[in-house]
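Single-structure report; data block below.
The values are calculated or read from the model by the stated rules, or taken from the named source; none is laboratory data. Because the structure is a prediction, the values reported are computed rather than measured. No Cβ is skipped: glycine too gets one built from the backbone with ideal geometry, and neighbour counts run over all protein chains shown. The area values use the complete protein model at the heavy-atom level, side chains included, leaving out ligands, DNA and RNA. Shrake-Rupley method; radii C 1.70, N 1.55, O 1.52, S 1.80 Å.
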Amino acid sequence: MDRRPKKEPRKFRPASESDVAEAPPRSKRRTITPTEGGVTVQSLPPELLEEILSRVSVRDVIAFGATCSTFYQLSLSPSLWRRLCHHQAASGQLAAPPSTDWRRTAILKYSQGLQMHCLTGAGSWTSPWRSYRAATASLAVVPPSALGYIRLALTRDHVLVFDSRGTIFLLRNTLALSSHSPLVWRRAAGHSVLCQNAKDFAVDPRSNTSFSQFIYVLIGRGHAGSEPSPSMLQCDCVEVYQQDTGNRVFRMTFHTSMTFVQLRLTGSEVNRILLLLTDTGKVYKLSVNETQLNTSRSYTVQLVLKKISTFQPHVPVAQIHTSFSSILYLTGEGSAYVEAHSRGVYRHLFGTNQDYDPQDPHDAQTPLPLLLPYKVVKCSLGLSHLCLLDDCGRIFMQGINRFGQLGTGDKIDRGEPTQVVLNTLPVEVWCGLNHSLALLQKESGEKEVQGCGCGFGGRLPGCPKGSAVFIKLRISVPRAARSLCASKDCLFLLCCHDIAEPPLFRGLPPLREDEESEVERDERRRLLWQLAKLRECEGLGRKVGLLRQAVQKNMSISPAHQDFLVQALNAIHPVSNELTDQS
């Protein structure tokens, strides 16, 4: 029994008039100024302010510089960013601080990362030991020596990340402790270095990662790749690694007069075609059989100049994009060419087989131009459809549209580039098996992911039934996201911000107000005249007939949409009934 005396409740005395009189009025309260002994941020000396800023995060320094022009000039101080880089190196976030652009280095290190989103409907995937119910979003491990993520690729057992120093990292799945169970299988939680001083790398371009058994790495002369530094190379070479163990199994060397800048793969395992782009814009190919790479023997393979380089020898190729049975070339002038290596791929991309001759072996190697009167700066090539981005940020889709993966609002195939209007500026596009994803950036700098096509298996988070237009997906996107790709069970967002990277788009061209407004005015006047005649008609048959005539002759729409509207009007009111009503 508690015998302690009970405390009486505290009584609050209301404020009296004397208390109010003691407080000075607001108008008589003094404001301390710097000249009277007070301290403000503006009164601090630049050396002390720099010392304070060197002990905060990169994000805080950038936010401090966004307040006014004076603080912005202070936030650009090279000594400040040099101290931030040294702090990152001392904390283990940076292996060796460089001595060039300190500000770019610190921002690259701060903004890099890899975000993963589970795409399976149940949110679970199977590990070698147990089934682990993955979280909706998770972050991959960031290697301490990485600086500035550039590309990523997916294999069966690893995630490959390529940084600005030419280092390729293997992010592997590892066992870890969890509050729900003793051991869980976490995705991309461990890391190791596959190769250093690389120029480029490539894996099997198919969306099914089980086909990616080998990793091909392009290494420049003067570097040793995975070997110690004393064994320097006198020429460019391609090293082949096993994706499960990371061991090198094969090396291909080239003539000293040839310098390559890009490497891509196409074809199957028994006839793997390597595409090599030189620094002068020429494209060469060679074929290997991956089933014989593990055998310890050496042989000579001949490089063959691709037809795109003989077809237009004076137009250099700037980029190569591949799929399993097709190749897309982007020239320095912004033109796009496609090679279709099978009859089915040709029909999917161009809608017909009329100009394709399967008996002619040279027909599959002929590059076909994509008729687009704009400069293409970025693209993505899927198995049966493709996407192009011009220098104004406009998106053009082409190919099969059975699931609405083109985002045109219908399921009609397109045999030529068709513009798809989006409400924000695209950063990156990605074409999957039967769906498409787009990374978009708003005017405020925030980013989002939109998708279209088939939504089966969680391919479009938040839209399981799919969509024929691009819709916003339920994915949290970091502001530093720069590229994306997906497998059958996970979507990956690669994050990194490079302040030295020039803007990709130049903005939409100015409208020619006089010429375009006159065309729009004439078309609006013509449609209003047709609408007035439609209102004066009596009878359903005459109204449908007049509307059918307007669709066929007076509306500037695509032939596919025009045919659809005419067939819909015939279904609503056949021509025979129309004649009966008119009689």
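From R55, R3, R10, R29, grab the single residue that is at pLDDT 85 or above and among the charged types (D, E, K, R).
Numbers: R3 fails: at pLDDT 85 or above; R10 fails: at pLDDT 85 or above; R29 fails: at pLDDT 85 or above.
Of the residues listed, the single one that is at pLDDT 85 or above and among the charged types (D, E, K, R) is R55.
Residues of region 280-295 that are open to solvent by 50 Å² or more (accessible area, probe 1.4 Å), within 16 Å of F214 (Cα to Cα) and either basic (K, R) or not in a strand (DSSP E or B) (or both): T291, Q292, N294, T295.
How many residues does region 309-323 hold that are assigned to a helix (DSSP H, G or I) and touching a residue at least 24 places away in the same chain (Cβ under 8 Å)?
Keep residues of region 309-323 that are assigned to a helix (DSSP H, G or I), which gives 309-311.
Those left that are additionally touching a residue at least 24 places away in the same chain (Cβ under 8 Å): 309, 311.
Qualifying residue count, region 309-323: 2.
Looking at this structure, is G123 at pLDDT below 85, open to solvent by less than 70 Å² (accessible area, probe 1.4 Å) and closer than 28 Å to I475 by Cβ?
On the way: at pLDDT below 85: yes; open to solvent by less than 70 Å² (accessible area, probe 1.4 Å): yes; closer than 28 Å to I475 by Cβ: yes.
Yes: the conditions hold for G123.
Looking only at region 301-308, decide whether some residue is part of a strand (DSSP E or B) and open to solvent by 40 Å² or more (accessible area, probe 1.4 Å). Looking for residues that are part of a strand (DSSP E or B) and open to solvent by 40 Å² or more (accessible area, probe 1.4 Å), one finds at least one in region 301-308, hence yes. For L422, all conditions in the list (1) more than 16 Å from L389 (Cα to Cα); (2) part of a loop (DSSP other than H, G, I, E, B) hold save one; what is the number of the exception? Exception for L422: condition (1). Quick one: in region 245-268, of everything that is in a strand (DSSP E or B) and aromatic (F, W, Y), which residue is nearest to the chain's Cα centre (by Cα)? Ranking the candidates gives F260 first. Restricted to region 464-493, and to residues there that are surrounded by fewer than 18 Cβ atoms within 10 Å (Cβ to Cβ) and without any contact (Cβ under 8 Å) to a residue 60 or more places away in the chain, the residue that is nearest to R104 (Cα to Cα) is R479. The set of residues from region 193-210 being surrounded by fewer than 21 Cβ atoms within 10 Å (Cβ to Cβ) and within 20 Å of V142 (Cα to Cα) comprises V193, Q196, N197.
Filter region 211-228 down to the residues that are open to solvent by less than 10 Å² (accessible area, probe 1.4 Å) and more than 19 Å from V161 (Cβ to Cβ), then identify the one that is modelled with the lowest pLDDT. Out of the qualifying residues, it is A224.
Taking region 432-453, which residues are of a type in the set (K, R) and part of a strand (DSSP E or B)? Show your work before the answer.
In the first step, residues of region 432-453 are kept if they are of a type in the set (K, R); the result is 442, 447.
Residue satisfying the conditions is K447 alone.
Within region 462-489, the residues that satisfy the criterion of being closer than 30 Å to E501 by Cα and either touching a Lys or Arg at 6+ places or on another chain (Cβ under 9 Å) or β-branched (V, I, T) (or both) are I471, I475, V477, P478, R479, A480, A481, S483, A486. Do you know which of the residues in region 38-63 that are assigned to a loop (DSSP other than H, G, I, E, B) and open to solvent by 70 Å² or more (accessible area, probe 1.4 Å) is farthest from L80 (Cα to Cα)? Going through the qualifying residues, I end up with V39.
Please verify whether region 454-461 includes one or more residues that are assigned to a helix (DSSP H, G or I) and surrounded by fewer than 17 Cβ atoms within 10 Å (Cβ to Cβ).
Yes; the residues of region 454-461 include at least one that is assigned to a helix (DSSP H, G or I) and surrounded by fewer than 17 Cβ atoms within 10 Å (Cβ to Cβ).
The set of residues from region 324-348 being assigned to a loop (DSSP other than H, G, I, E, B) and open to solvent by 10 Å² or more (accessible area, probe 1.4 Å) comprises F324, S325, G332, E333, S335, H341, S342.
Annotation: of all residues in region 406-424 being over 13 Å from A468 (Cα atoms) and polar (S, T, N, Q), the one that is modelled with the lowest pLDDT is N423. Taking residues in region 437-450 that are within 19 Å of K378 (Cβ to Cβ) and acidic (D, E), and partners anywhere that are in a strand (DSSP E or B) and open to solvent by less than 40 Å² (accessible area, probe 1.4 Å), the pairs with Cβ atoms closer than 7 Å and at least 6 places apart or on different chains are E448/L440.
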